[in-house]
Amino acid sequence: MSIQIWTFILVGLSFAIYIGIAIWSKATTTSDFYVAGESIPPIVNGMATAADWMSAASFISMAGLISFMGRDGSVYLMGWTGGYVLLALLLAPYLRKFGKYTVPDFVGDRYYSQTARFVAVICAIFVSFTYVAGQMRGVGIVFSRFLNVGINNGVLIGMGIVFFYAVLGGMKGITYTQVAQYCVLIFAYLVPAIFISLLMTGNLIPQLGFGGKLADGSMYLLERLDGLSRELGFNTYTSGQKSTVDIFFITAALMIGTSGLPHVIVRFYTVPKASDARSSAGWALLFIAILYTTAPAVAAFARTNLLTMTANRSYQDVPQWFKNWEKTGLIKFEDKNGDGVIQYRGPRAEVENELTIDRDIMVLANPEIAKLPNWVVGLVAAGGLAAALSTAAGLLLVISASIAHDLLKNGLMPDIDDHQELMYARLAAGVAICIAGYFSLEIPLLGIKPPGFVAQVVAFAFGLAAASFFPAIIMGIFSKRMNKEGAITGMVIGLAFTASYIIYFKFINPLANQPQHWWFGISPEGIGTLGMCLNLVSSLIVSSLTPQPPEEVQELVEYIRIPSEPDRAEAS
Amino acid sequence: MGQSLQKEKSVNNKERYWQKNLQYLAVLLAIWFVASFGCSILFVNQLDQIKIGGFHLGFWFAQQGSIYVFVLLIFIYVLLMNRLDKKHGLDDQSEGLKRKAEPKSNPEVESVE
């Protein structure tokens, strides 16, 4: 069967499963809708968190980015996993003990202030929308290549599916769908990785094949890759190019941002107990690590294949996959010296480079490049969609909860009952899907290319989350002295600083986005770390100059620090 | 009198529990920092001098090792804290069961109704 048919079958089958689950696990109360009735077992939640977490950026873009960045790609690998340590150790159990539904709930109650709640809502919505736009582009890429429907129609189909199960099932529906999506996406990621590892290194486990010898036993894979890279004028694969300062700051921003992202934090509200939140974070990271330790291996395999197969090959006899991807415009060959041969060269080569390859296609094209069976190619398409849809759904839920719960119920319309709130939540989710879709449709129509690749768009959400939420939540748990004046000042300064730095270098003056113009050599991707430090320092200074928080707030802090319940009754 | 003594004892117990928790956090986060920012970023070039199989050690830490360390750290913390919770009688095992019996999560609000 052809790739096309396999893709239709596998994508159709997986979509049918998601919809079936949504109908089976329909939400009936606000608690169901926001936190799945706090009834999700830790391992299941771990799996759902992993799917929630691993987006189009992880599945589609990350290995591609790494294969073009070499060792520097580790910022994404460490940045998007290391945050779970912070989450498990510093946030999840305490926020679970606090209960309630959203991150703004915690910020509002802990800092006894509607203003703080409002600032947190704005941060949550801002971060989630930034992130969701990246997912929709991912959906568009997969559809345009594998189903031949055009990016815009692809986005519309994706919107329809997410709309159906997020609006109907709420968190409960999303959780179980995400479990299914995790299974699909991890299977889809591992199958080609194992195949390719076997083909190239004879080792079944990609993580080991990565450091192993080539199948012909001549030399280590990484040696071969380093050699090829140097020969064609690229940087040595296993060495870094970015400055140590920048790598440090980007990694920190991604880590801290991960633990401050509302759609990740909220997943830990869905388990029954505080101790479950801890172990659930462990399971989540284990499930994530399966993909994240495979990705760098895939990156190295794909890069080696790409260099071997395209460099100095006559354009007449390029393989079929090359032509397939050329049609989507994601591979471009321009025969500058007119010799009919593809000169794929790096910045250090003497011959001019004639080949442009979009990094996003590396994972998607990998099975074709390695000549794997057609069903594997279809599987990868289903996996990419699972990754993008699961994350989009989680984000939309955060937006809907922020609007219905934090903005309406706890702000503008306190009198609405559970039933009405649920209706507003569904309405908000619907509107959010339309806005997210509008952004990912309209941008290309206006001729504006989304900034950078999917992974880079997403990277901004991290900087913003790191600079706004993280310090406020951490201080709210670990310092009884932190008051509302401090927290609000910190969040506003952190967010304003980080957002303006990124907007300046990415939108207002993109030409100045060069290391010599950056503050302390920190790129816009890493600036969130500095924003976080500013947030922390300013909140500490302001809180020490203003009155300490009321007695009951200090009691709340003591309450959330202890996993067991009984003292709540004693205190009240 | 006896009651206030008991209350003081419970406050001390919680204080000791929290201090111990902070100690665990300090040690585990130090390891977290060394594995990621230390081995994989600050000292990556030095570690790259060492080769294991096809990997330079610094490169391995940056793309593989640090992630394994992260997973281990969380599970170690889970074990340590579950033990600590029990030791101080502050574990939430019984609550989970209690909660399952009453489906709504916020008993106080219920009782006000």
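Working from label points 7 Å from Cα in the Cα-to-Cβ sense, the A:GLU350 to A:ASN153 distance is 5.0 nm. Here is the P(r) of the protein assembly as shown: all C-alpha pair distances, binned every 20 Å from 0, give 18, 53, 25, 3, 0 in whole percents. Rounded to the nearest Hz, the phi-derived 3J(HN,Hα) couplings of the range A:308-314 under the Karplus curve 6.51 cos²θ - 1.76 cosθ + 1.60 (θ = phi - 60°) are 5, 8, 9, 5, 6, 9, 5, where x marks glycine and proline. Rounded to the nearest 0.05, the FRET efficiency derived from the C-beta distance between A:GLU223 and B:ARG16 at R0 = 51 Å is 0.40.
Ignoring lysines fewer than eight residues from A:LYS26 along the same chain, the ones with Cα atoms less than 18 angstrom from its Cα are A:LYS172, B:LYS104. Using heavy atoms of the protein chains and a probe of 1.4 Å, the accessible area assigned to B:LYS7 is about 120 Å². Projecting the Cα atoms of A:ILE125, B:SER66, A:PHE106 onto the charge dipole of the protein assembly as shown, computed from C-beta unit charges around the Cα centre, puts B:SER66 farthest toward the positive end. Across the accessible surface of the protein assembly as shown, with the other protein chains kept in place and a 1.4 Å probe, carbon and sulfur atoms take up 64 percent. Each label was represented as a point 7 Å from its Cα along the Cα-to-Cβ direction; for A:MET1 and B:GLU8 these points are 7.6 nm apart.
Placing a label point 7 Å from the Cα of A:TYR504 along the Cα-to-Cβ direction, the residues of the range A:521-560 whose backbone N falls under 13 Å from that point are A:521-524, A:527, A:531. Taking N as the residue count of the range A:282-345, its C-alpha radius of gyration divided by 2.2 N^0.38 Å amounts to 1.56.
Per residue, the accessible area of the range A:230-278 comes to 24 Å², computed with a 1.4 Å probe over protein heavy atoms only. Which log10 I(q)/I(0) values does the range A:373-419 give at q = 0.27, 0.34 Å⁻¹ under the Debye formula, counting every alpha carbon as one identical point scatterer? The Cα Debye sum returns log10 ratios of -0.89, -1.06. Buried between A and B is an accessible area of approximately 4800 Å², summed over both sides with a 1.4 Å probe.
Using only side-chain charges placed at the Cβ, +1 for Lys and Arg and -1 for Asp and Glu, the dipole size of the range A:139-268 relative to its Cα centre rounds to 340 debye. Relative protection proxy for A:320-327, A:411-418, B:71-78, from highest mean packing down: B:71-78, A:320-327, A:411-418 (other beta-carbon atoms within 10 angstrom). Each Lys and Arg Cβ is given +1 and each Asp and Glu Cβ -1; about its Cα centre, the protein assembly as shown then shows a dipole of about 800 debye.
Applied to the range A:427-435, the Karplus parametrisation 6.51 cos²θ - 1.76 cosθ + 1.60 on θ = phi - 60° returns per-residue 3J(HN,Hα) values of 4, 4, 4, x, 4, 4, 4, 5, 5 Hz, with x for Gly and Pro. Averaged over its residues, the range A:73-118 has an accessible area of 16 Å² per residue, based on protein heavy atoms and a 1.4 Å probe. Couplings 3J(HN,Hα) of the range A:464-476, computed from phi: 5, 5, 4, 7, 9, 6, 3, x, 4, 6, 4, 5, x Hz, in residue order, whole Hz [Karplus 6.51 cos²θ - 1.76 cosθ + 1.60, θ = phi - 60°; x for Gly and Pro]. With the solvent-accessible surface defined on protein heavy atoms using a 1.4 Å probe, which residues belonging to the range A:215-229 display a reduction of at least 10 Å² in accessible area in the multichain context relative to the isolated chain? Residues shielded by partner chains are A:TYR220, A:LEU222, A:GLU223. Treating r as the C-beta distance of A:GLU334 and A:ARG481 and R0 as 60 Å, the FRET efficiency rounds to 0.45. Each peptide in A:329-336, A:51-58, A:172-179 gets a packing score, the mean of other Cβ atoms within 10 Å over its residues, and the list from highest to lowest is A:51-58, A:172-179, A:329-336. In the range A:498-569, the inverse of the mean reciprocal separation of distinct Cα atoms equals 15.7 Å; this is its Kirkwood hydrodynamic radius. Here the label points at A:GLN516 and A:ILE9, each 7 Å from Cα along the C-beta direction, are separated by 5.9 nm in the simple model. Computed over the range A:225-365, the P(r) tail beyond 19 angstrom holds 66 percent of alpha carbon pairs.
Between amide H atoms placed 1.01 Å from N, distances below 5 Å from A:VAL341 occur with A:TYR315, all of them 5 or more places distant or on a separate chain.
The values are calculated or read from the model by the stated rules, or taken from the named source; none is laboratory data. These numbers come from a predicted model, not from an experiment. Cβ coordinates were reconstructed from backbone atoms using ideal geometry, including for glycine residues, and neighbour counts include every protein chain displayed. We work out accessible area using only protein heavy atoms, side chains counted, and drop any ligands, DNA or RNA first. Shrake-Rupley method; radii C 1.70, N 1.55, O 1.52, S 1.80 Å.
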